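Reading through the structure tokens given below for one structure.
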Amino acid sequence: MRWLPVLYVVVLLLIEPLTPADWPVSFALIAVPLLAAFTQGPVMVAATTMFAVLFEGVLAGTPCCAGRSVGYLWDRHYVASYICTALVGALGTVLAAHRIRRERTLADVRFVAEIAQRVLLRPVPHRIGNLLLESLYLSAAAEARIGGDLYEAVPTTHGVRLLIGDVRGKGLLAVETAAALLGAFREVAHDEPDLAALAGRVEKSMNRRAAQLGGGETDERFVTAVFAEIPTDGQLVRIVNCGHPPPVLMRPGEVSELDRGRSAPPLNLGMLVDEPYRVDVYPFGPGDQLLLYTDGITETRNPSGAFYPLLERLRSWGSMPPHDLLERLHDDLLDYSRDRLQDDTAALAVCMPAEDPAAGHASSAG
């Protein structure tokens, strides 16, 4: 775009010798300042305007360049062209100044949004105890830095507690709901020994928050979520699913969804059913890896409209550490959708290595 005014002038120079003397194309130079206003600053637009006016005069009355007599230079039609070009240049200078102010404002807004995203979705620790962790967040819009998908990993005395969630809707309403949910989870995760009770307390916190806000959108502030807990003293994982895509358990030679068909309603909709949360328990030992994700992954489509085959991809990739797994998933999602994601995406991978890296290092040092 920065070179568009130059290319435009070059095209006019190529056309000029091909046109009759009474068909001057110099009038088309009026558009040059406007083209410059889209990419250049005010000073550059003003300089481009001066160049356009002078060049119009060259094309109008220089015999060696245009084949016209010098008398054409002050013909009333050409004088009108000079004036119009100068006016367009003045307007283009104002437009360029306004555009730069808007670009700076947008850059500031993006910076604030990025900081807010870091506060809302803090990077998870890469290691908690004997567990390796990694997180992934992808925005459907390249300009967006914040959304309603969320994740968290909290080390507690009850074990490592995990959360993945997807807020209904988009925009600031979704961000506000996600912030409320994460704040409640980070507080309750340390206090509540039972995972089902933890989900219930987070649900109550969400209900209170929605009631305080009021309005017609109260009932629409719901979140699908999965709560998981990996105790420090046991080789198992506990799961409470609240209307969310089931986690995937990966171990050598096996990839399976952890779903027993007992999903609870999404958070903030539990009052409609009034059923207790159920905890499903699965083995989780050395060499196993847990993948929690939002439906932005499984609802990603390729150009033909087919959904992303997550389980099929995971089975074909084989075993790899969390960082490599999510990097592979990230690249594959972009490649599958041709860089056109339809929804925000979040994922959290947790692995219990077959051998404790720290222990192995200490053993080799000894």
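Residue separation times 0.36 nm, minus the C-alpha to C-alpha distance between residue 301 and residue 39: what's the value?
Computed gain between residue 301 and residue 39 is 90.9 nm.
Once the piece of chain linking residue 208 and residue 101 is laid out straight, how much longer is it, given 0.36 nm per residue of separation minus the C-alpha distance between them? Spell out each step's value before the answer.
On the way: separation 107, 0.36 × 107 = 38.52 nm, distance 4.11 nm.
That works out to 34.4 nm of additional length.
Quick one: with all protein chains in place, what share of the accessible area of the range 220-354 is carbon or sulfur, to the nearest percent (1.4 Å probe)?
C and S atoms contribute 47 percent here.
Could you check the spin-label model distance between residue 79 and residue 8? Points 7 Å from the Cα along Cα→Cβ, value in nm.
So the two model labels end up 2.6 nm from each other.
Please work out how much length the chain gains when fully extended from residue 311 to residue 259, using 0.36 nm per residue of separation minus the C-alpha to C-alpha distance, in nm with one decimal.
Contour length minus Cα-Cα distance gives 17.4 nm.
What's the FRET efficiency of residue 186 with residue 342 using the Cβ-Cβ distance as r and R₀ = 25 Å, to the nearest 0.05?
The formula returns an efficiency of 0.25 here.
What is the Å³ per residue value for the convex hull set by the Cα atoms of the range 250-315?
125
The values are calculated or read from the model by the stated rules, or taken from the named source; none is laboratory data. Computed from a prediction, not measured in an experiment: that's the story for all the values here. Please note: Cβ atoms are built from the backbone with ideal geometry, for glycine as well, and neighbour counts cover all protein chains shown. The area values use the complete protein model at the heavy-atom level, side chains included, leaving out ligands, DNA and RNA. Shrake-Rupley method; radii C 1.70, N 1.55, O 1.52, S 1.80 Å.
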